[in-house]
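The structure appears below as structure tokens.
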Amino acid sequence: MPPKRDICTSVLIPLCSPKQATLPTALALGSFDGLHAGHRAVITSIADTDKGIPSVVSFWPHPREILFGESRLRLDLPSEKTDLLDPLGVKQLILVPFDLELASLSAEQFIIEILHKTLQAKVIGVGENFRFGKNREGDSSTLKAIGNDLGIEIKIVPIINDDKGRISSSRIRSALQEGKLRVAKDLLGRPYSFRGTVIKGKGLGSQLGWPTANLQINGRKFLPGEGVYASWAIEQKKGNKYLSVMNLGPQPTIDPSSPSTVEVHLIDQKIDLLGQELIIEPIEKLRNQEKFPNIQKLIQQIGIDVDQAKTIYEELMT
């Protein structure tokens, strides 16, 4: 894993002085969840300018959470996104808290009050399908007309398509939900991953002869569909990378009433990781969740899962 680098402290605009963001800005505006090729094109459009500090501006929480009460899990949490933005030349991630007051601003008010006055935007990049303002009344042409009147350079970036249509966060989510990790990787332009802290479990894996690290995951993170996966487990601090088998979901054979959890078995390793943060990178889905007739059948299946993961690893190395 590349070393983690601090690029800035994310700025919560209403709670902090604008001085906490380096001004003036050249900003890419959008959710950018997943940072796929379309998002990267918008971001790189403002990254090389000398008119302002290259910045990404996003809303938190997602507007649909506030407006419609929807739960919107993120492909990338802000803490993960800063690492992904660094190689793109971005110097700061500015999180604008989304609330009903902000939602009531017209498109023109949003441009003038937030982008022009507060963030002192000199350059703004958006995707051509970007919508904003009360009732989503503003679009890229609105931004261009008002922005140009304010002396702001507006860059409208075309949508990027592949042979199946528009590259989008929704397609990535669908691929992950279906356990299609390679499809998600192609759409993301990088392997999908998530992270969690190793917590003390019930010790059931050790009793079965397959000890696992149980992970506590941020509840706002979007996870793949339930199942058993071959995966990488990477120590956040040391960078050590281990082949593993991950179970994502309940324990239908041992405890059918158990909630969905994430646990990983490090193959051919005996390491105490309690309290450490692991980055999990699923490689390939091995099978769906299954209730076995007895514990012995489950133990046998875990052995098969481990062998499959080793085979996948060998294929990757050739």
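Where a number appears in this text, it was derived from the coordinates with a stated rule and is not lab data. Not measured: the values here are computed from a predicted model. Here the Cβ positions follow ideal geometry from the backbone for every residue, glycine too, while neighbour counts run over all protein chains shown.
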Measuring from its Cα centre, segment 111-250 shows a charge dipole (+1 at each Lys and Arg Cβ, -1 at each Asp and Glu Cβ) which, in debye to the nearest 20, is 520
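Find the Cα radius of gyration of segment 20-169, compare it with 2.2 N^0.38 Å by division, and give the number to two decimals.
Values: Rg = 14.5 Å, N = 150, 2.2 N^0.38 = 14.8 Å.
Relative to the rule-of-thumb radius for its length, segment 20-169 sits at 0.98.
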If unit charges are put on Cβ atoms (+1 for Lys and Arg, -1 for Asp and Glu) and the dipole of segment 212-318 is taken about its Cα centre, the option from ILE295, VAL262, ASN240 lying farthest towards the positive end turns out to be VAL262
Please tell me the relative contact order of segment 11-159 in percent, rounded to the nearest whole number, where contacts are Cα pairs under 8 Å and at least six residues apart.
-> 29
Candidates ILE46, ILE172, ILE114, ranked by Gaussian network fluctuation over the chain, Cα under 10 Å, top entry | ILE114
Tell me the label-point distance for the pair ALA145, ASP255, using the 7 Å Cα-to-Cβ offset, in nm and rounded to one decimal.
-> 6.0
Looking at segment 11-159, send over the antiparallel percent of its DSSP beta bridges, to the nearest 5.
-> 5
Stokes-Einstein D for segment 193-317, Kirkwood Rh over Cα pairs, 20 °C, 1.002 mPa s (µm²/s) | 147
In degrees rounded to 10, the 0-90 angle between helix 140-149 Cα long axis and the longest Cα principal axis of the chain is 40
So in the chain, what percent of DSSP beta bridges are antiparallel if you round to the nearest 5?
-> 60
How many angstrom separate the Cα center of segment 29-46 from the Cα center of segment 239-311?
-> 34
Give the Debye-formula value of log10 I(q)/I(0) at each listed q (0.13 Å⁻¹), with one equal scatterer per alpha carbon of segment 107-156, two decimals each.
-> -0.23
Would you calculate the separation in nanometres between label points at ARG131 and ILE199, each defined as 7 Å from the Cα along the Cα-to-beta-carbon direction?
-> 3.8
Relative intensity, log₁₀ I(q)/I(0), of segment 96-183 from a Debye sum that treats every alpha carbon as a point, q = 0.24 Å⁻¹ = -1.13
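Compute, for the chain, the length of the dipole vector about the Cα centre, with Cβ point charges of +1 (Lys, Arg) and -1 (Asp, Glu) only. Units Debye, rounded to 20.
Numbers: 39 positive and 37 negative charges, 36 e Å.
My answer is approximately 180 debye.
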Taking the dipole about the Cα centre of the chain, with the C-beta of Lys and Arg at +1 and of Asp and Glu at -1, give me whichever of LEU278, GLY52, PRO78 is farthest to the positive side.
-> LEU278
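Which whole-number percent is the relative contact order of segment 190-318 (Cα, under 8 Å, 6+ apart)?
Numbers: 242 pairs, mean separation 40.5, N = 129.
Rounded, it is 31 percent for segment 190-318.
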Taking just the C-alpha trace of segment 186-225, give me its Rg and Dmax in Å.
-> 13.8, 40
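Find the relative contact order for the chain and round it to a whole percent, using C-alpha pairs within less than 8 Å whose residues are 6+ positions apart. Present the calculation step by step, with values, prior to reporting the outcome.
Working: 604 pairs, mean separation 48.9, N = 318.
Result for the chain is 15 percent.
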